[in-house]
Each structure stands twice: as structure tokens, then as C-alpha cells.
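See structure below.
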Amino acid sequence: MNLEALLPQLLPIAIKWVETVAADAAATGRALSNPELSVASRVGVRFPERIRLRILHQFPVPEDPRLAEAARQLGLLGPNMAGLTLGYSILVREGHLSTRLLLHECRHVYQYEQAGGIAGFLSEYLRSVARVGYDDSPFEQDARAHEVE
């Protein structure tokens, strides 16, 4: 599967899926505590009070089989994932919440803000991961650089 070539077809489906999951997490997640708000501010989040944190047993998977397969191939929804940021919604797998993970995920919130929201961020982020891989993506490198507790 040539993921970079498929991105124009998959991007609208990905945006819709992310918007749906983010809205659910926003409705069912909790606001950040005062110490967590400080973490978000520390990594540059402009509106930390908008963030909602949702702890899940497992992450949702897109129903669209092409999108699910692309996410798997890109390493975005694997079994070892601890966190997933979708706009102002941060999903964390049970037992994995830590300051370090929150720093990383809040930096992704910052990146969403800088990109103007979900559509702008996903367009850049997915293209980057398809080109250079998850670990070498500048977005992931930036988030890892902000994991300093």
C-alpha cells in the first residue's frame, strides 16, 4: 500500500473519523487538573482549559478498512500505543498516564493549534509520517523533545 499516494483519498475519511472520536472524548473525558494544566502550558498549549483527557482500555479503530490498515501500517494505532491526541482530546490507555506522556501529548495539542485545527494538522502530520515514518516525523521528534519532566 503506497500510503503517500493514498493520502488524498484517505484524508477526508481520516478527518471525519478524528473529529468524531475527538467529539466523543470531549463529551466523556475529564478536564485537566491544575498540575496537568501547568504541564500543557509549559509545552506551549494556548488554551489548556479546552483539553479533555479520556482514559480507555483500548483505542478506537476506524471502521473504514483502508483507513484502519493505513493507520496500522503507519504505526498510529498499534498495540503498544499509550496515547493519542485528536485536537483538544487526549486519549490514554489505562495504566499509562504519566507526566512524560502528558507532556508529549500536550505538545501534539500545541501542534494542532499551530496548524489551525484537525484538518490542517492531519494533512501535514499524515504526509510527514507517510514520507519518513512515525519515529522520524518532525511532529513526533518535537513531541519527544518536550517530554522533559
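We did not get these values from a lab; they are worked out from the coordinates using the rules stated. A quick note: this is a predicted structure, and the numbers were derived from the prediction, not measured. Don't worry about glycine lacking a Cβ; one is built from the backbone with ideal geometry, like all the others, and counts go over all protein chains shown.
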Which one, LEU56, ASN34, ILE90, projects farthest toward the positive side of the charge dipole computed for the chain from Cβ point charges (K/R +1, D/E -1)? ASN34
Apply the Karplus curve 6.51 cos²θ - 1.76 cosθ + 1.60, θ = phi - 60°, to the phi angles in the range 2-11 and return the couplings in whole Hz, x for Gly and Pro. 7, 5, 5, 5, 7, 3, x, 6, 7, 4
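More than 14 Å apart: what percent of Cα pairs in the range 10-95 qualify?
Values: 2397 of 3655 pairs.
Cα-Cα pairs of the range 10-95 separated by over 14 Å account for 66 percent.
Pick out, in residue order, every one of the GluC sites (Glu not before Pro) in the range 67-144 that is DSSP loop and has at most 16 other C-beta atoms within 10 Å; say none if there are none.
Working: sites: GLU69, GLU94, GLU105, GLU113, GLU124, GLU140; in loops: GLU94.
Loop-located and lightly packed - GLU94.
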Run the dipole for the range 3-145 about the Cα centre, Lys and Arg Cβ at +1, Asp and Glu Cβ at -1, nothing else charged, and hand back the magnitude in debye, nearest 20. 280
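Need one number: the % of Cα-Cα pairs in the chain sitting beyond the 23 Å mark. Numbers along the way, then the final one.
Numbers: 3262 of 11026 pairs.
The proportion of pairs with Cα distances above 23 Å equals 30 percent.
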